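Take a look at the structure below.
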Amino acid sequence: MKVFKEEQRFTQTWLILLMSVSLIVPITLILQDYNKANSSISTNELILSILAIIGSALLIFLFKLKTRIDEKGIYYQFFPFHLKLKLIKWTEINKAYVRTYDPIGEYGGWGFKGGSFWNKEKGKCINVSGDIGIQLELKDGKKLLIGTQQKESVIQVLKTYEINLK
């Protein structure tokens, strides 16, 4: 029995820089208002506002994509949207293969994407970085792409469970 496990988070350098820079503007505006002679902002409100801004920006770093492939099927969890691993059994899968995709063009970016608003025929996508994914075509006609950073390991484990590779 071969088991594949992967855990991914939003830890890209460009994202950390973007989040840091995007915090500068609202915090600067609040500090400027606070420093005015006739400011209506108390010290407690200043501290709470800054903590709320920083806290909300840091929420993205709580997001986590877990993938597990074993003899039962393919499990995935995108925390905080899924509180436990979701299982797609091998008997529910028509086709499973690894492919390169365009995150922005096909799904509108990274995260939990797709479905009703963006490129519906592509199905749903759960990813945190990169452009390699496990494409699942289910027997009920639905499609799901799960991002991976371990292309070769996924290909090997899919071969182990004799899933049709593209």
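FYI, it's all coordinate maths here, none of it is from the lab. Since the structure is predicted, the reported quantities are computational estimates derived from the model, not experimental observations. Glycine also receives a Cβ, built like all others from the backbone with ideal geometry; neighbour counts cover every protein chain displayed.
Taking N as the number of residues in region 10-61, what value does Rg over Cα atoms divided by 2.2 N^0.38 Å take?
It is 1.31.
Applying 1/(1 + (r/R0)^6) with R0 = 30 Å to the Cβ-Cβ distance of Ile54 and Lys5, what FRET efficiency is obtained, to the nearest 0.05?
Once rounded, the FRET efficiency stands at 0.40.
Check every DSSP H run in the chain and write down those whose alpha carbon atoms cover 15 angstrom or more along the long axis and whose mean Kyte-Doolittle hydropathy is -1.0 or greater.
Those that clear 15 Å and a mean of -1.0 are 13-35, 43-58.
Check cross-link reach from Lys2 to the aspartates and glutamates: straight Cα distance under 15 Å, and skip same-chain residues fewer than eight apart.
Lys2 reaches Asp70, Glu71, Glu152, Glu162.
Once you keep just the Cα pairs under 8 angstrom separated by 6 or more residues, what percentage relative contact order results for the chain?
Normalised by residue count, the contact order of the chain is 21 percent.
What aspartates and glutamates does Lys113 reach when the alpha-carbon gap must be under 17 Å and sequence neighbours fewer than 8 apart in one chain are set aside?
Asp102, Glu121, Asp131, Glu137
If each residue of separation counts as 0.36 nm, what is the full-extension length gain between Ile16 and Thr28 once their alpha-carbon separation is subtracted?
That works out to 2.5 nm of additional length.
Measuring from label point to label point, each 7 Å out along Cα→Cβ, what is the Lys72 to Ala37 span in nm?
About 7.0 nm separates the two model spin labels.
Given region 64-160, what whole percent of its Cα pairs are spread farther than 21 Å?
Percentage above 21 Å: 26.
To the nearest whole percent, what portion of all C-alpha pairs in the chain is separated by more than 22 angstrom?
Tail of the P(r) past 22 Å holds 52 percent of the pairs.
Where Lys and Arg each count +1 and Asp and Glu each count -1, what net charge lies around Val128 among other residues with Cβ under 14 Å from its Cβ?
Its environment carries a net charge of +1.
Describe numerically, in nm with one decimal, the distance between label points set 7 Å from Cα along Cα→Cβ at Lys142 and at Thr100.
It works out to 3.0 nm between the two label points.
For region 49-146, which trypsin sites (Lys or Arg not before Pro) pass both filters: DSSP loop (anything but H, G, I, E, B) and at most 12 other C-beta atoms within 10 Å?
Qualifying residues, ordered by number: Lys84, Lys139.
Restricting to DSSP H runs of at least four residues, report the calculated mean residue ellipticity at 222 nm for the chain, -39500 (n - 2.57) per run over all residues, nearest 500 deg cm²/dmol.
Only helices count here, giving -10500 deg cm²/dmol.
Using 22 Å as the Cα-Cα cut-off, could you pick out the over-long pairs in Lys139/Lys159; Lys5/Lys151; Lys72/Lys122; Lys5/Lys72?
Lys72/Lys122
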